[in-house]
């Protein structure tokens with residue numbers, strides 16, 4: 001059997017580099033756990049009934065929670081309606097127009113959220129005169145969510161096996177019926193996953209809301225315009241810079257609530273995907 | 001793109017029309033953003049001219065003045081001088097630092113999760129890394145303030161100074177807020193995006209090529225370096241562009257740890273910075289005080305520049321990454 | 001289903017040993033009671049077999065009989081299969097290469113492999129052949145040029161590509177690609193060559209060239225040829241081993257095995273009754 005010089009060096013390189021990849025992977029996970037740790041640890045002192053039942057003016061975060069949910073719900077209604085049908089169009093029909101729409105979806109994903117916010121400010125708050133309002137914020141969030149929901153709906157529908165659709169067409173069903181009764185049902189987990197991701201993203205947004213919803217220390221009244229809304233991410237951003245201990249607690253508890261929401265949505269999405277692949 | 005071979009009856013045509021109209025919302029929104037921001041910034045473009053890109057100062061002018069000056073038909077306060085260079089520098093430098101850290105890190109993570117880790121551990125590991133992508137940017141900012149900033153001041157800065165201090169860029173004292181801190185936080189936010197895209201590409205490396213290299217006596221790393229990495233070169237480039245696009249537009253985290261600088265270029269790695277994105281937030285309140293609204297128009301001009309720069313990065317990414325960039329973001333939700 | 005009367009295990013073993021050449025010193029590669037498990041399933045069962053120096057030994061049998069698995073143990077490519085486990089020994093020049101302390105990198109330099117489907121790297125012809133030598137430390141351009149030329153000549157490909165060494169390997173025909181893979185394998189000057197159904201993805205003229213090459217190569221190398229093509233084995237192999245369901249059924253000189261098979265199972269396989 002031959003021997004070879006330099007093999008030891010090659011093997012040492014091999015072991016070292018591969019060990020390095022392990023080290024780097026572990027290192028990237030340290031901040032992840034650290035973030036979770038500091039949020040949990042620093043919010044513990046602030047977790048009490050008052051925090052969740054009072055408003056920000058009275059040492060609570062209730063208006064933040066309600067406001068966030070309100071804005072996300074409002075924008076989801078619009079974004080899901082637009083995104084779902086857009087995704088249906090992209091998956092069922094081809095041609096130049098569809099490619100154009102797809103292109104714009106990709107471009108839209110890349111627009112910085114602050115730019116969307118400034119756009120919302122110029123057009124809805126100033127030009128249309130709505131002032132800081134839930135509707136302006138909801139449209140801004142819709143713009144951010146829309147490309148995701150559109151594309152995930154498209155991908156999910158594309159995965160529907162052709163045989164199933166053809167079975168429906170062969171029975172004389174129209175495209176609309178096939179899509180609504182067959183394809184959507186089949187693709188539902190994938191579509192819902194996309195929606196959950198979109199919701200998760202919009203829950204965590206701040207920049208587009210700063211100048212569309214501004215902030216409000218009280219529960220949102222249901223007027224869609226002329227009335228600002230408070231939300232969790234503002235609390236985190238603004239209150240951490242206040243010198244008061246209680247303000248910090250409000251910021252941390254808001255972070256905790258936010259991360260729990262995001263975690264649940266993410267787990268929900270993964271669970272759905274796992275179920276989808278099984279079917 | 002072949003059309004579906006389905007019968008097109010009257011109902012189908014109506015269906016197609018209805019969904020097509022709804023799908024128009026995407027280009028409509030996109031073009032609306034472009035048009036309105038451009039239109040709103042037009043006065044500022046006229047007033048500021050090319051000096052916008054060379055000026056480092058953001059000066060609303062004499063707020064107490066009763067009269068206004070006019071340039072190119074646009075009114076502004078006397079002494080008004082809007083320059084975006086400081087912001088551009090902050091944006092570009094922080095994103096560059098972020099990429100310098102994130103790209104090798106992402107490649108290492110992608111290699112580990114696609115080639116090295118035991119199979120049973122891969123899925124959970126990938127899920128964990130993707131979790132980093134799901135954390136809202138304000139919370140990154142929060143962590144930055146509470147953990148990273150003190151760390152930078154107490155440990156990292158003195159450490160770096162002792163090794164690299166002879167280079168002026170690395171020397172200096174710091175409050176902990178600044179360029180490097182921003183770069184690190186951005187790197188954390190951008191790494192999951194790059195690594196998941198690259199990992200998917202690594203996983204697609206044809207097995208027979210890998211086996212061929214190993215059968216010739218390559219060590220595993222040699223095989224990874226000579227077969228797996230070259231195979232995914234374009235994807236790595238594209239994913240990096242994606243990460244760049246994301247870093248350029250990031251607002252809250254950099255706002256919270258960047259320190260804030262409107263009127264001076266960063267001089268070293270610890271200098272406080274503002275980016276175009278953070279400036280739109282911080283300068284808006286003061287912009288309200290300008291009766292000519294020129295400050296507001298100029299902020300729109302900043303938004304326009306930011307948008308165009310981000311667009312360039314994302315278009316570059318689109319060339320390199322197959323499936324389009326939305327897919328890259330979306331794939332973190334799919335198994 | 002095939003009904004076969006296989007004698008008592010002890011008798012069978014005696015039979016197999018009897019047909020092997022007794023001069024063990026001539027066997028380059030020796031499998032000793034080799035077993036391979038995929039998970040809990042014993043896929044290859046107690047195979048003992050010699051591969052003689054500078055000869056071509058064909059390993060044949062129906063799909064799933066374990067012939068490729070056995071091949072993969074010789075250069076330890078079996079290590080890459082998750083859940084695979086080996087028992088027994090593979091001796092090359094008297095050294096057990098399956099022992100964990102044995103250097104796999106060196107082993108694979110010494111035992112080359114050609115795969116069923118040609119797998120040239122996405123690079124030029126030159127870079128494909130030079131890949132192995134470069135990995136193992138050869139940097140000098142003149143040396144590499146010489147090795148590339150020799151290897152391409154050894155694979156019978158030189159005259160066809162000598163003016164276009166910079167051309168992409170993917171531009172070659174299937175048969176040429178496979179000969180390129182052979183050149184690539186011999187560029188590191190192995191002593192043993194493992195060929196896993198090397199012509200099954202090629203057209204007749206490509207196959208013919210590869211078979212001619214095999215006959216030339218045995219002067220320099222020891223070849224193990226896994227094939228399901230009986231005529232091919234009959235044409236090029238000096239010795240033939242027949243595997244069935246992970247067991248070695250028969251082994252001997254090719255002429256013997258084909259004209260006068262000792263086992264009924266072998267006879268049924270050769271006459272096409274199954275497989």
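Residue-level check: of (1) more than 9 Å from chain B (Cβ to nearest Cβ); (2) without any contact (Cβ under 8 Å) to a residue 60 or more places away in the chain; (3) within 26 Å of residue A:63 (Cα to Cα), residue A:144 misses just (2).
The residues listed here are C:176, C:168; of these, the one that is at pLDDT 90 or above, surrounded by fewer than 19 Cβ atoms within 10 Å (Cβ to Cβ) and in contact with a helix residue (DSSP H, G or I) (Cβ under 9 Å, 6 or more places away or on another chain) is C:168. Restricting region A:1-57 to residues that are outside any helix (DSSP H, G or I) and within 11 Å of chain B (Cβ to nearest Cβ), which is farthest from residue A:263 (Cα to Cα)? Filtering region A:1-57 for residues that are outside any helix (DSSP H, G or I) and within 11 Å of chain B (Cβ to nearest Cβ), the one farthest from residue A:263 (Cα to Cα) comes out as A:2. Just one of the listed residues (B:250, B:222) is within 10 Å of chain A (Cβ to nearest Cβ), closer than 30 Å to residue B:167 by Cα and surrounded by 19 or more Cβ atoms within 10 Å (Cβ to Cβ), and it is B:250. Condition test on residue C:210, is it in contact with a strand residue (DSSP E or B) (Cβ under 9 Å, 6 or more places away or on another chain), in a helix (DSSP H, G or I) and closer than 24 Å to residue C:71 by Cα? Yes.
Kindly indicate the residue of region B:47-74 that is in contact with a helix residue (DSSP H, G or I) (Cβ under 7 Å, 6 or more places away or on another chain) and surrounded by 13 or more Cβ atoms within 10 Å (Cβ to Cβ) and also nearest to residue B:284 (Cα to Cα) among those meeting that condition.
Applying the filter and picking the extreme gives B:60.
Residue-wise test of (1) at pLDDT 90 or above; (2) in contact with a helix residue (DSSP H, G or I) (Cβ under 9 Å, 6 or more places away or on another chain); (3) within 12 Å of chain B (Cβ to nearest Cβ).
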residue: A:186; (1), (2), (3): no, yes, no
residue: A:195; (1), (2), (3): yes, yes, yes
residue: A:199; (1), (2), (3): yes, yes, yes
residue: A:209; (1), (2), (3): yes, yes, yes
residue: A:225; (1), (2), (3): no, yes, no
residue: A:259; (1), (2), (3): yes, yes, yes
residue: A:276; (1), (2), (3): no, yes, yes
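So that you can scan it fast, the table gives a plain yes or no per residue for (1) within 14 Å of chain B (Cβ to nearest Cβ); (2) in a loop (DSSP other than H, G, I, E, B); (3) more than 19 Å from residue C:31 (Cβ to Cβ); (4) at pLDDT below 90:
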position	(1), (2), (3), (4)
C:85	no, no, no, no
C:98	no, yes, no, no
C:118	yes, yes, yes, no
C:134	yes, no, yes, no
C:138	yes, yes, yes, yes
C:145	no, no, yes, no
C:156	no, yes, yes, yes
C:159	no, no, yes, no
C:164	no, yes, yes, no
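Once region A:58-69 is narrowed to residues that are assigned to a helix (DSSP H, G or I) and farther than 29 Å from residue B:247 by Cα, the residue that is modelled with the lowest pLDDT is A:58.
Take region A:261-271 and flag every residue that is surrounded by fewer than 20 Cβ atoms within 10 Å (Cβ to Cβ) and more than 9 Å from every other protein chain (Cβ to nearest Cβ). Scanning region A:261-271 gives A:264, A:267, A:268, A:271.
Yes or no: residue B:100 within 12 Å of chain A (Cβ to nearest Cβ), surrounded by fewer than 16 Cβ atoms within 10 Å (Cβ to Cβ), closer than 30 Å to residue B:260 by Cα and modelled with pLDDT of 85 or more? Judged against the criteria, residue B:100 is not a match. Residues in region A:237-247 that are more than 9 Å from every other protein chain (Cβ to nearest Cβ) and either surrounded by 12 or more Cβ atoms within 10 Å (Cβ to Cβ) or outside any helix (DSSP H, G or I) (or both): A:238, A:239, A:242, A:243, A:244, A:246, A:247. Looking only at region B:256-291, residues that are surrounded by 20 or more Cβ atoms within 10 Å (Cβ to Cβ) and under 21 Å from residue B:43 (Cα atoms) come to 6 in all. Listed by position, the helices (runs of 4 or more DSSP H) contained in region A:107-205 that have at least 2 residues being surrounded by fewer than 24 Cβ atoms within 10 Å (Cβ to Cβ) are A:134-158, A:162-170, A:184-203.
Would a scan of region B:64-75 turn up a residue that is modelled with pLDDT under 95 and touching a strand residue (DSSP E or B) at 6+ places or on another chain (Cβ under 7 Å)? Yes, region B:64-75 contains at least one residue that is modelled with pLDDT under 95 and touching a strand residue (DSSP E or B) at 6+ places or on another chain (Cβ under 7 Å). Scanning region A:82-95 for residues that are under 20 Å from residue A:201 (Cβ atoms) and more than 8 Å from every other protein chain (Cβ to nearest Cβ) gives A:83, A:84, A:87.
The values are calculated or read from the model by the stated rules, or taken from the named source; none is laboratory data. All of these numbers come straight from a predicted model, not from anything done at the bench. Backbone-built Cβ (ideal geometry, glycine too); neighbour counts: all protein chains shown.
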